[in-house]
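The values are calculated or read from the model by the stated rules, or taken from the named source; none is laboratory data. Since the model is a prediction, treat every value here as computed from it, not as a measurement. Backbone-built Cβ (ideal geometry, glycine too); neighbour counts: all protein chains shown.
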Amino acid sequence: MQKAISGTMVRGVVTALLLLLAWGCGGTSAEDTGAVRAGSPDAVSAEYEGHDEHGDVPEAAGEPSPLDGQGTATVAAAGPAEAGAPGTWTITYTAAGEGIAEGGGVVLQVSPFWNWSAPQDRFAEYPGYTTVRCSDPDVRLELATGQHPFMVARIRGKALSAGETITFVYGDTGGGANPGGAAQADRYAEHGENFFLKVDGDGDEFFAPIARHPAVDVAAGPPVGFYVTARSWVSRGEAFRVTVSALDRVWNRAASYRGRVELVLPAGLELVEGAKGPYTAAEAGARGFTLRAVEEGLFQITARDPEGRLGEGTSNTVFCGEMLNDYRLYWGDLHGHSRLSDGSGSPDDYLGYARDVAGLDVSVLTDHDGHGILPLDANPDLFGQILRATEAFNEPGRFITFGGYEWTNWTYGHKHVLFLDPAEAEIFSFRDPECDEPEELWEHLRGKQAMTLNHHTGGGPIATDWDHHDPEFERLVEIVSIHGISEYYGGPRSIYRPVPGTFAQDALARGYRLGMVGSGDSHNGHPGTRDVSAATHGLAGIYATGLTREEIWEALYERRVFATAGRRIVVNFLVNGEMMGSEITVADPGEPRLIMGLAVGTAAVERVEVLKNNQVMYAEAGEGELLHRFAAVDESVAADGDWYYLRVTLVDGEQAWSSPVWVTVVEEPSGSASG
Ligand SMILES: [Zn+2]
Ligand SMILES: [Zn+2]
């Protein structure tokens, strides 16, 4: 039996590649708090079932040879590439060494991430029309295209000698005569996007990549609105950071924005520091301000363009109130991808967006071990590039990163692997027969400060096999991301292709002691904000003593974390005064447990629910306020292994979940069954 403790007494509202994207999720509006309000983001229909095998293109038939992969290439663009906009790129390959034998060839592969037109040579008025020519008039080119967006030019008639060229005009409009033939660029802004070239030098159908692929930058589209984030929980008098970014319609960072911004501050907040003039090139569309709360309360900060061209943005809710214990609340996104596997953007783009646009405190880039055009497990220099960026961005007190990658196992499920020290980070690939089972992965990780997190556990693209678990490394589970929510089978905004028995609640029911986090699993280079094609995203709220690697790691390991489906909803949850993630000891199982917590929504709180052993044990309706405090008592007899967690739902359907608290009973109750 449980009963609420006098609600009025304790609840009080304080003052005021062949990613053939076939998916079902509808588009998301960006109209929530903190979102870009102007312009309507494209509601694409795409599903990240995109963890597909991206094999060699075309299918490798022959054997690698030193004659393969020779030569160099350059790219010339007709103008600056803009995300999602049409363009023409001229890619010129120059043969080297032994040249290319008759029957050999060159593959131009366009990134399958995200929405580059597939090159095609058949319809001049349709996107991606590509013409190919050779500098040697006696060489005949035989063209073919494939589902992974590529074009192969095979050499016929005679061999291609060193110094001769093959030129692909990708998006050829015939000098403007056929504008429809232009190629559409990636919809996401980024630096250093590659056009990949692979060469079969000896004519046995084995194509090897050349040493250096030409690259282009893709700029954001026109800015449409501001996105604003602020620290969510501050004490009175504490200075805190607010970020204000100009974004385009798909949430790309509008780095070329040179307009102004004006902050509208509610009473109780004051500006400590922040530039007043137009955005500069160095800011690249994202500006930071420092504010201070001079009184307790709930605040939202609005950013507006004095010229009225960009839409207003309003921040998440800032709660200025008493802190609990010595912990500070930080926001993290512990899982996402860059163009070094199947995402968009460079590692610097990714981490820069996380810090400057999303205003995150913690970010980890976890590219796939064995997916992408140039998989990390076969290209250690690329993993080195990620780790160097990871180290360069880590700044105690400001922004924390960890080493990471994703073990992309298609039998047992995916796990992203975090390393406290990036110097210890190593790719233990799911493609390595020594490391293709979870126990083997953990064996390789033993001795390192590492964690593995199962994600999209409840279904697509692949569910978790919970028969395998290691409590040393599996401290947390990612219950929400762009793929949907994996709390329990049949829940709202569920992960697609749900598999009963594989949800977070199923793992808890097995007795696994897992804290709950959300993270993006973003593939668009937008960690910590949004993917306009996904109905959910994911964030991790982290209660740590400070913003250093060691302190954040300690908080993750101790599970002082909670999950949200993307919004900065503040959640706190305590049982017998112990924080979420704790294992509490009960000497007298008959003694009631005191359960309390709070939620601060980005919209009004609709309800809070305390779940005990996966069942709703206590619920309270919200009262139309952003802040909701509650307390309840569980008077039933405690059983060893009981767990409690909190689920918060806002009036707009957004949700957050605390990590559980587990009960250990040290003495058996005499003569009565436990409840
Ligand atoms: Zn995955
Ligand atoms: Zn992933």
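How many residues does the range 632-656 hold that are of a type in the set (A, V, I, L, M, F, W, C) and surrounded by 20 or more Cβ atoms within 10 Å (Cβ to Cβ)?
Number satisfying all stated conditions: 7.
In the set SER344, SER256, which member is part of a loop (DSSP other than H, G, I, E, B), under 25 Å from the mean Cα position of the chain (by Cα) and closer than 30 Å to TRP410 by Cβ?
SER344
Restricting attention to the range 497-508, does a residue exist that is surrounded by fewer than 20 Cβ atoms within 10 Å (Cβ to Cβ) and in contact with an Asp or Glu (Cβ under 6 Å, 6 or more places away or on another chain)?
no
Within the range 224-263, work out how many residues are within 27 Å of LEU598 (Cα to Cα) and not charged (D, E, K, R).
Qualifying residue count, the range 224-263: 13.
Among the residues in the range 89-98, are any under 30 Å from the mean Cα position of the chain (by Cα) and at pLDDT 95 or above?
Looking through the range 89-98, at least one residue is under 30 Å from the mean Cα position of the chain (by Cα) and at pLDDT 95 or above.
Return the only residue of GLY447, GLY404, GLY397 being within 30 Å of THR243 (Cα to Cα), more than 15 Å from ligand 2 (Cβ to nearest atom) and either in a loop (DSSP other than H, G, I, E, B) or within 17 Å of the chain's Cα centre (by Cα) (or both).
Going through GLY447, GLY404, GLY397 in turn, just one is within 30 Å of THR243 (Cα to Cα), more than 15 Å from ligand 2 (Cβ to nearest atom) and either in a loop (DSSP other than H, G, I, E, B) or within 17 Å of the chain's Cα centre (by Cα) (or both): GLY397.
Looking at GLY460, GLY515 in this structure, which one is away from ligand 1 (no atom under 16 Å from the Cβ), crowded, with 18+ Cβ neighbours inside 10 Å, within 21 Å of the chain's Cα centre (by Cα) and not assigned by TED's automatic domain parsing to the domain that holds PHE240?
After ruling out the rest, the residue left standing is GLY515.
Kindly indicate the residue of the range 413-430 that is closer than 14 Å to MET451 by Cβ and in a loop (DSSP other than H, G, I, E, B) and also farthest from ligand 2 (Cβ to nearest atom) among those meeting that condition.
In this case the residue turns out to be ASP421.
Show the residue pairs meeting these rules: Cβ distance below 7 Å; 6+ apart or different chains; first residue within the range 235-246 and under 18 Å from LYS276 (Cβ atoms) and among the basic types (Lys, Arg); second residue assigned to a strand (DSSP E or B) and modelled with pLDDT of 95 or more.
ARG241/GLY288; ARG241/THR290
Please state which of the following conditions GLY359 fails to meet, knowing it meets all the rest: (1) small (Gly, Ala, Ser); (2) buried (at least 24 other Cβ atoms within 10 Å of the Cβ); (3) assigned to a helix (DSSP H, G or I).
Going through (1) small (Gly, Ala, Ser); (2) buried (at least 24 other Cβ atoms within 10 Å of the Cβ); (3) assigned to a helix (DSSP H, G or I) one by one, GLY359 breaks only (3).
Go through the range 220-237 and give me each residue that's over 20 Å from the mean Cα position of the chain (by Cα), among the aliphatic types (A, V, I, L, M) and within 20 Å of ARG355 (Cα to Cα).
The one that is over 20 Å from the mean Cα position of the chain (by Cα), among the aliphatic types (A, V, I, L, M) and within 20 Å of ARG355 (Cα to Cα): VAL234.
Check the range 574-594 and report whether any residue there is touching a His at 6+ places or on another chain (Cβ under 9 Å) and either at pLDDT below 95 or on the phi > 0 side of the Ramachandran plot (or both).
No.
Taking the condition of being at pLDDT 95 or above and loosely packed, with under 15 Cβ neighbours inside 10 Å, how many residues in the range 657-675 meet it?
Of the residues in the range 657-675, 1 are at pLDDT 95 or above and loosely packed, with under 15 Cβ neighbours inside 10 Å.
Mind checking which strands (runs of 3 or more DSSP E) fall wholly inside the range 473-562 and carry at least 3 residues that are within 16 Å of ALA463 (Cα to Cα)?
Qualifying strands (runs of 3 or more DSSP E): 476-481.
Any idea which residue in the range 335-347 is surrounded by the fewest Cβ atoms within 10 Å (Cβ to Cβ), counting only those that are within 10 Å of LEU365 (Cβ to Cβ) and out of contact with any Lys or Arg (no Cβ under 9 Å at 6 or more places or on another chain)?
LEU340
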